[in-house]
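J.: Have a look at the structure that comes next, please.
The values are calculated or read from the model by the stated rules, or taken from the named source; none is laboratory data. Here the structure is a predicted model, which means the values were calculated and not measured. So basically every Cβ, Gly included, is an ideal-geometry build from the backbone, and we count neighbours across all protein chains shown.
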Amino acid sequence: MSHVPAELKYTASHEWVRLEADGLVTVGITDHAQETLGDIVFLELPASGRVVEAGAAVAVIESVKAASDIYAPLAGEIVDSNQALVDAPEGVNRDAYAAWLFKLRPADSSALATLLDATAYQNSIADSSAE
Amino acid sequence: MVDFAGWQMPVNYGSQIQEHHTVRRDAGMFDISHMLALDLDGSDATSWLKKLLANDVTRLAASGVAGKALYSCMLGHEGGVIDDLIVYQLDSDHYRIVVNAGTADKDIAWMRRHIAHNTANVSLSPRRDLAMIAVQGPRAREKTWQALPEIEAAAAALAPFSAMQPGDIFVARTGYTGEDGFELAFPARQAATIWHALLGAGVAPCGLGARDTLRLEAGMALYGQDMDDSVSPLDAGLAWTVDLRNPARAFTGRSALEAHPPTRQVLGLVLLEDKGVLRAHMKVVTAAGTGEITSGGFSPTLEKSIALARLPLACTAGETVEVEVRGKHLAARTVKPPFVRGGKILV
């Protein structure tokens, strides 16, 4: 059973999102996502300053199995990416919630309310694994 | 778990990369019961196999080694690969063939038609009653003895690439990883007992994912990916398995191969930039023209991405080529496979 922390927000495409005190959001992939992908061997993260729409492909994770796009959960500007993780991508497998990928300044913070909460995300992965 | 030719199979039990390293450094096991053993008996068995297979089974008796194994392609009339397989000669009129899971039904149908067409005195028995486990790695043999002491005395002297049946368990010193070890076949009802005995001896369970990266590093072809019905073995890097020495041996597909010389060759690729992973179907741009990756992935031993690619005949090992990876051109070096054998990096 994958770990889904109650305090985070989620997307159906398996990103986790955390609203920080400074108004930025931190984004990573969920424990369920890392488990499904298998050993992660390569990351491509977005450059700071890039302005993105919600749902835009902004990063790439390559695992032993496949290449997967990572999507911006909200519209906004990329302000930071986790370069230390690029040199040690297995960190995502070790602790998916500590291994953040990028930080984004949302164009509209109220859009956060449109994301899934932990229960809704938990249900969405239970549904897809029952298929 | 994934569906693999109708079998539910694990891609990995834990970390796929860890499973890979365990096979290179110690001992791992794979449940390969999806593969099908076919037993072949009859006075025409040898003469029929000489017609069926692109490699020459008379090499087996000539080797002087009992139970010797031969890797071969089985070709269609147009020279495409119906399947690749291993054939073991158990005695002069008795062979065991092991074929791929996804092609097993097609293979049986083809072989039965081929037997009828040649009115050969051969009986073909699919052994769906058998389960198979591959134990692979530098410590595979000693751990197998520990788990299954009853086969040690008989099988300890087994030469590489040969097989014997000392009791219930068929023991073959073959594999698909580039490491030493065994492929064991036995009545399916014993599968759980044997698996647990191996587990108790410290043999780590490994999934399809590690099996794929191990065989890729070992430069071994995967049916359906590196070759299929539409590809000549001469274009798939398998010319070494096509035996044309005896001009009188008219095996199926021979005339097609002789009429169509190779147009491609298979070389290995090692990605030079640490910026992605080579995957099947990616386009390769070389000075001599374009080619395509047939198998690619991340090599845990090299800690780089590697691939097998079908390239123009004018390419040579040691060239720098470009691969289109997600819209970008990344540089790769051509090498002669295998990448890794017996735990050692060769490129």
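J.: Condition (residue is at pLDDT below 95 and not acidic (Asp, Glu)) applied to the stretch B:41-61: is it met by at least one residue?
T.: yes
Table: residues versus (1) closer than 27 Å to B:GLY327 by Cβ; (2) within 14 Å of another protein chain (Cβ to nearest Cβ); (3) free of Cβ contacts under 8 Å to residues at least 24 places away in the same chain.
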site	(1), (2), (3)
A:THR36	yes, yes, yes
A:ALA57	yes, yes, yes
A:ILE70	yes, yes, no
A:PRO73	yes, no, no
A:ILE78	yes, no, no
A:PRO89	yes, yes, no
A:ARG94	no, yes, yes
A:PHE102	yes, no, no
A:LEU116	no, no, no
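J.: Are any residues in the stretch B:232-263 buried (at least 18 other Cβ atoms within 10 Å of the Cβ) and over 20 Å from B:PHE339 (Cα atoms), and if so, which ones?
T.: B:SER232, B:PRO233, B:LEU234, B:VAL242, B:ASP243, B:PHE251, B:THR252, B:GLY253, B:ARG254, B:LEU257
J.: Could you please give the count of residues in the stretch B:91-101 that are closer than 16 Å to B:LYS50 by Cα and not charged (D, E, K, R)? Write out each step before concluding.
T.: As a first pass, look at the stretch B:91-101 and keep what is closer than 16 Å to B:LYS50 by Cα: B:91-97.
Narrowing further to those that are not charged (D, E, K, R): B:92, B:94-95, B:97.
Result for the stretch B:91-101: 4.
J.: Within the stretch B:271-311, work out how many residues are more than 12 Å from B:THR213 (Cα to Cα), more than 12 Å from chain A (Cβ to nearest Cβ), touching a residue at least 40 places away in the same chain (Cβ under 8 Å) and not β-branched (Val, Ile, Thr).
T.: The qualifying residues number 5.
J.: Tell me, which strands (runs of 3 or more DSSP E) wholly within the stretch B:1-84 include 3 or more residues that are touching a Gly at 6+ places or on another chain (Cβ under 7 Å), small (Gly, Ala, Ser) and more than 14 Å from chain A (Cβ to nearest Cβ)?
T.: On the way: elements: B:2-4, B:7-9, B:28-31, B:36-41, B:69-75.
Of the strands (runs of 3 or more DSSP E) lying wholly inside the stretch B:1-84, none has at least 3 residues that are touching a Gly at 6+ places or on another chain (Cβ under 7 Å), small (Gly, Ala, Ser) and more than 14 Å from chain A (Cβ to nearest Cβ).
J.: Helices (runs of 4 or more DSSP H) wholly in the stretch A:69-131 with at least 2 residues that are of a type in the set (A, V, I, L, M, F, W, C) - which ones? Outline the logic, then answer.
T.: Numbers: elements: A:83-87, A:91-94, A:118-130.
It comes to A:83-87, A:118-130.
J.: With the requirement that a residue be assigned to a strand (DSSP E or B) and closer than 19 Å to A:VAL60 by Cβ, what does the stretch A:15-38 give you? Spell out the reasoning first.
T.: From the stretch A:15-38, those assigned to a strand (DSSP E or B) are A:15-19, A:25-29; that's our starting set.
Listed by number, the residues that qualify are A:GLU15, A:TRP16, A:VAL17, A:THR26, A:VAL27, A:GLY28, A:ILE29.
J.: Looking at B:GLY276, B:GLY268, B:GLY297, which is the one that is crowded, with 19+ Cβ neighbours inside 10 Å, of a type outside the set (Val, Ile, Thr) and over 18 Å from the mean Cα position of the chain (by Cα)?
T.: Numbers: B:GLY268 fails: over 18 Å from the mean Cα position of the chain (by Cα); B:GLY297 fails: over 18 Å from the mean Cα position of the chain (by Cα).
Every option except B:GLY276 fails the conditions.
J.: Could you tell me how many of the residues in the stretch B:187-204 are of a type outside the set (S, T, N, Q) and out of contact with any strand residue (DSSP E or B) (no Cβ under 6 Å at 6 or more places or on another chain)? Walk me through it before giving the result.
T.: Let us first name the residues in the stretch B:187-204 that are of a type outside the set (S, T, N, Q), namely B:187-189, B:191-192, B:194-204.
After this cut, where a residue has to be out of contact with any strand residue (DSSP E or B) (no Cβ under 6 Å at 6 or more places or on another chain) as well, the list is B:187, B:189, B:192, B:194-197, B:199-202.
Number satisfying all stated conditions: 11.
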